[in-house]
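Report on the structure given below.
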Amino acid sequence: MEAPLDGITVLDISQSAAAPSATQALAELGAEVLSVEPPGGGAQRRLIGGTFFPNLCRDKLSIAVDLKSEDGDRILRRLIEEVDVFVHNYRNETIERLGYDYETVRSYNEGIVYCSVTGFGEDGPYSDRPALDPLAQAMSGLMDVTGEPDRKPSRVGSSVIDVSTGFVAALGIVVGLFARERTGEGRHVEASLVDTAAAFMGYWYTHYSKTGESPVRSGHTYDGYAPVGVFETADDPVYLSVPYQPIWRRFCEAIDRAGWIDDPRFETDDDRLEHRDALYAAIEEVFGQYTREELMSVLLANDVPVSEVNSVPEAHRDEHLRRRGTVTEIDDTDGEKVTVSTTPLRVHGTERSPGPLPEVGEHTEAVLRSLDFSDDEIAVFHERGTIESPDAPFEK
């Protein structure tokens, strides 16, 4: 069975993490992704992308082209004429200076789906600001609600906004392709880090608009109900979440504390919040009688929401993630095995295994030949430092 995006070609001139996350998802769904990298950028690529790179560049064709050169512009224009999707992550001023703004690109290919992935969007008073994942977390208020109440606001411990913005962009691209299928016209879509971060904060914005109250950081727990949070056992911690009264009843019965159900301190959710300190102390006293494995077994048998609090090494080897293929291993460009995560979207009947990682410029010459550039022209491009391939390293 064909992969959903078989036959779709994507031209990706982006760097960093968000936009490459989008094109990585498209690649895993069957699109042919042509990833344009700067000649001589291999060291930077490995330095910045030592851990990002295996998760963002699988299944892609690497073309090393100097986009600031006249020859590079000629190559890119010919590519634009042939592809279905164009993706970049430059700010307005830069993309216009390079000559690849939407109107210009559309003049080369009217049916193209053009996607910009930026920090603050293409318009608005902050559109020209530099942006990174933690800046979007900070600006949106996400950082202010993350961490312990007696400490500074904290960033989320992974690049969640970069990766999520990539999925937003991938969705926008698929919507653009669907619209083109119906109308014959291309589309201009965009995704931004700050818009994505703000989307995570929607219910907090609503909370403030209705109450006038700014949320207080609650760390590992949550002020909406109790009990919820990290609790210690005899060995390793668990995360417990009891949001509804029926679950509270099952929880109490599972740990042989049925008396808590009618205890006036714990009877309702409001009661449990009011007496949270006493409740949490009582819970940890009980949990201390179990190992994590024993407690998980008891609670899950009673359908109580609970999870291991995994370290990265534990999650890295987790049986569930491994069996689903969510976490797997591939060969890095140095031949060593490296662990990666795969695109979380599953389209049944079209599962794909993670593909290989390309060397810098590995596919440059093959792609140029497919565009009818002659061997002589390709040789000139090499001489001028316009392109790079593994057989002809960049020496400009």
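The values are calculated or read from the model by the stated rules, or taken from the named source; none is laboratory data. None of the values given here were measured: they were computed from a predicted structure. Don't worry about glycine lacking a Cβ; one is built from the backbone with ideal geometry, like all the others, and counts go over all protein chains shown. Surface areas here come from the heavy atoms of the whole protein model, side chains and all, with no ligands, DNA or RNA. Shrake-Rupley method; radii C 1.70, N 1.55, O 1.52, S 1.80 Å.
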Please work out the FRET efficiency for the pair Asp128 and Thr291, using the Cβ-Cβ distance as r and a Förster radius of 51 Å; give the result to the nearest 0.05. 0.40
Expressed as a whole number of Å, what is the distance separating the alpha-carbon centroids of segment 131-150 and segment 161-231? 14
Roughly how many Å is it from the Cα centre of segment 274-351 to that of segment 352-379, as a whole number? 40
Tilt of helix 276-287 relative to the longest C-alpha principal axis of the chain, in degrees (0 to 90, nearest 10)? 90
Rounded to the nearest 10 Å², the accessible area of Leu56 using a 1.4 Å probe with every protein chain kept is 10
Rounded to whole Å², per residue accessible area for segment 168-251 with a 1.4 Å probe reads 54
First check a/c for segment 1-115, with a ≥ b ≥ c the square roots of the eigenvalues of its C-alpha gyration tensor; if it is under 1.5, answer rounded, and if not, answer prolate when a/b is larger than b/c or oblate otherwise. oblate
Rounded percent of accessible protein surface that carbon and sulfur make up, segment 148-232, 1.4 Å probe: 55
Stokes-Einstein diffusion coefficient of the chain, Kirkwood radius over Cα pairs, 37 °C, 0.692 mPa s, in µm²/s: 136
On a 1.4 Å probe surface of the protein chains, which of Met296, Met139, Met1 comes out largest in accessible area, and what is the full order? Met1, Met139, Met296
Label-point separation, Ser311 to Thr268 (7 Å along Cα→Cβ), nm: 4.4
For Lys337, which aspartates and glutamates qualify as cross-link partners when the Cα separation must be under 14 Å and same-chain residues fewer than eight apart are set aside? Glu329
Ignoring ligands, DNA and RNA, how do His348, His382 rank by accessible area with a 1.4 Å probe, largest first? His348, His382
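Determine the per residue accessible area of segment 259-381 with all protein chains present and a 1.4 angstrom probe, expressed in square angstrom.
Values: 7290 Å² over 123 residues.
Accessible area per residue, segment 259-381: 59 Å².
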Probe 1.4 Å, accessible area per residue of segment 86-141, Å²: 47
Taking a crude spin-label model, label points 7 Å out from Cα along the C-beta direction, the Tyr203 to Arg249 distance in nm is 2.4
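So, with a 1.4 angstrom probe, what is the percent of accessible area on segment 264-321 that is carbon and sulfur? Write out the running numbers ahead of the final one.
Details: 1750 of 3570 Å².
On segment 264-321, the fraction of accessible area on carbon and sulfur atoms equals 49 percent.
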